[in-house]
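Trainee: Sharing a structure, written as structure tokens. Questions coming.
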Amino acid sequence: EAQVTQNPRYLITVTGKKLTVTCSQNMNHEYMSWYRQDPGLGLRQIYYSMNVEVTDKGDVPEGYKVSRKEKRNFPLILESPSPNQTSLYFCASSLRAGDRTGELFFGEGSRLTVL
Amino acid sequence: EDQVTQSPEALRLQEGESSSLNCSYTVSGLRGLFWYRQDPGKGPEFLFTLYSAGEEKEKERLKATLTKKESFLHITAPKPEDSATYLCAVQAIDNFNKFYFGSGTKLNVKP
């Protein structure tokens, strides 16, 4: 089954404790992206990757890091989480960078709480 | 600045009561406008892509239309299973790796 898998789905952590949210897709997609979703603000893009070893900042990259060492994986790293990073996070992928269909495939989401 | 505004924030309909959701956008040059559906506890699911003013797309009870400044998602004779949050997003010509999403319209269809 074609899917985007995120882990963990739920996480409660404390300020400053490094964490990684993993994202894996099995569709051989080139493009992957991370979003955060907050009430009233919609989905905001954190980082995106056009292909292996090629990443760029979205609109809200502060406090986050990413890497794309393999085509299928695109982990989101919070080096020193703070309470304002409490949010619902989504990973998404599409066939290629700049795919004009706009068809993004989303994971189920990871709800992160930073105390 | 590229941005997307959706209205209303929430909409409650009776089963069979048709209505429309609005998506207004400001973008330097539109490459595409997209509609997604999001069910509670799930990731968004792709519905439509519209590329140019005057274009229309249909899927079951949903019909999306596009003008130069806004898009409408028309819902004809909705059923309870149409209840979800509907998200609109745009992709700009000058950076098509970025997608700008609105905050969504939460639709509740009562039987």
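The values are calculated or read from the model by the stated rules, or taken from the named source; none is laboratory data. A quick note: this is a predicted structure, and the numbers were derived from the prediction, not measured. Here Cβ is always computed from backbone atoms with ideal geometry, including for glycine, and neighbour counts include all displayed protein chains.
Trainee: Criterion first (of a type in the set (Ser, Thr, Tyr), more than 9 Å from chain B (Cβ to nearest Cβ), surrounded by fewer than 16 Cβ atoms within 10 Å (Cβ to Cβ) and assigned to a loop (DSSP other than H, G, I, E, B)) does residue A:5 satisfy it?
Mentor: So residue A:5 fails the test.
Trainee: Only residues that are more than 10 Å from residue A:91 (Cβ to Cβ) and aromatic (Phe, Trp, Tyr): list them for the stretch A:1-50, please.
Mentor: Of everything in the stretch A:1-50, those that are more than 10 Å from residue A:91 (Cβ to Cβ) and aromatic (Phe, Trp, Tyr) turn out to be A:10, A:31, A:47, A:48.
Trainee: In this structure, does residue A:58 turn out to be surrounded by fewer than 16 Cβ atoms within 10 Å (Cβ to Cβ), over 10 Å from the mean Cα position of the chain (by Cα) and not hydrophobic (A, V, I, L, M, F, W, C)?
Mentor: Answer is no for this residue.
Trainee: When you check residue A:50 against the structure, is it touching a strand residue (DSSP E or B) at 6+ places or on another chain (Cβ under 9 Å), assigned to a strand (DSSP E or B), of a type outside the set (Val, Ile, Thr) and more than 10 Å from chain B (Cβ to nearest Cβ), yes or no?
Mentor: No, not satisfied.
Trainee: Quick one: residue B:22 ticks every box in (1) more than 12 Å from the chain's Cα centre (by Cα); (2) surrounded by fewer than 16 Cβ atoms within 10 Å (Cβ to Cβ); (3) polar (S, T, N, Q); (4) closer than 27 Å to residue A:87 by Cβ bar one, so which box is it?
Mentor: So residue B:22 meets the others, but not (1).
Trainee: Only one of these conditions is not met by residue B:78: (1) away from chain A (no Cβ under 12 Å); (2) under 11 Å from the mean Cα position of the chain (by Cα); (3) not charged (D, E, K, R). Which number is it?
Mentor: (2)
Trainee: When only residues in the stretch A:61-95 that are aromatic (Phe, Trp, Tyr) and more than 11 Å from chain B (Cβ to nearest Cβ) count, which is surrounded by the fewest Cβ atoms within 10 Å (Cβ to Cβ)?
Mentor: A:64
Trainee: Restricting to the stretch A:12-36, give me the number of residues that are exposed (fewer than 12 other Cβ atoms within 10 Å of the Cβ) and part of a strand (DSSP E or B).
Mentor: Result for the stretch A:12-36: 1.
Trainee: Another one. Against the definition (without any contact (Cβ under 8 Å) to a residue 24 or more places away in the chain and farther than 28 Å from residue B:57 by Cα), how does residue A:79 come out, yes or no?
Mentor: Considered against the rule, which asks whether it is without any contact (Cβ under 8 Å) to a residue 24 or more places away in the chain and farther than 28 Å from residue B:57 by Cα, residue A:79 comes out as no.
Trainee: Another one. Looking at residue A:40 and the list (1) at the interface with chain B (Cβ under 8 Å from one of its Cβ atoms); (2) surrounded by 15 or more Cβ atoms within 10 Å (Cβ to Cβ); (3) farther than 22 Å from residue B:95 by Cα, which single condition is not satisfied?
Mentor: (2)
Trainee: Go through (1) modelled with pLDDT of 95 or more; (2) in contact with a Lys or Arg (Cβ under 8 Å, 6 or more places away or on another chain) for residue B:96 and report which single condition fails.
Mentor: Unmet for residue B:96, out of (1) modelled with pLDDT of 95 or more; (2) in contact with a Lys or Arg (Cβ under 8 Å, 6 or more places away or on another chain): (1).
Trainee: Continuing with this model, one more query. What single numbered condition from (1) within 26 Å of residue A:59 (Cβ to Cβ); (2) outside any loop (DSSP other than H, G, I, E, B); (3) not β-branched (Val, Ile, Thr) fails to hold for residue B:68?
Mentor: (2)
Trainee: From the set of residues in the stretch A:96-115 that are exposed (fewer than 15 other Cβ atoms within 10 Å of the Cβ) and away from chain B (no Cβ under 12 Å), which is nearest to residue A:56 (Cα to Cα)?
Mentor: Ranking the candidates gives A:113 first.
Trainee: Does residue A:58 satisfy being within 11 Å of chain B (Cβ to nearest Cβ) and on the phi < 0 side of the Ramachandran plot?
Mentor: yes
Trainee: Sticking with this one: Got a sec? Which of B:32, B:102, B:41 is under 25 Å from residue A:48 (Cβ atoms), more than 10 Å from the chain's Cα centre (by Cα) and either touching a residue at least 24 places away in the same chain (Cβ under 8 Å) or buried (at least 17 other Cβ atoms within 10 Å of the Cβ) (or both)?
Mentor: From the options B:32, B:102, B:41, the qualifying one is B:32.
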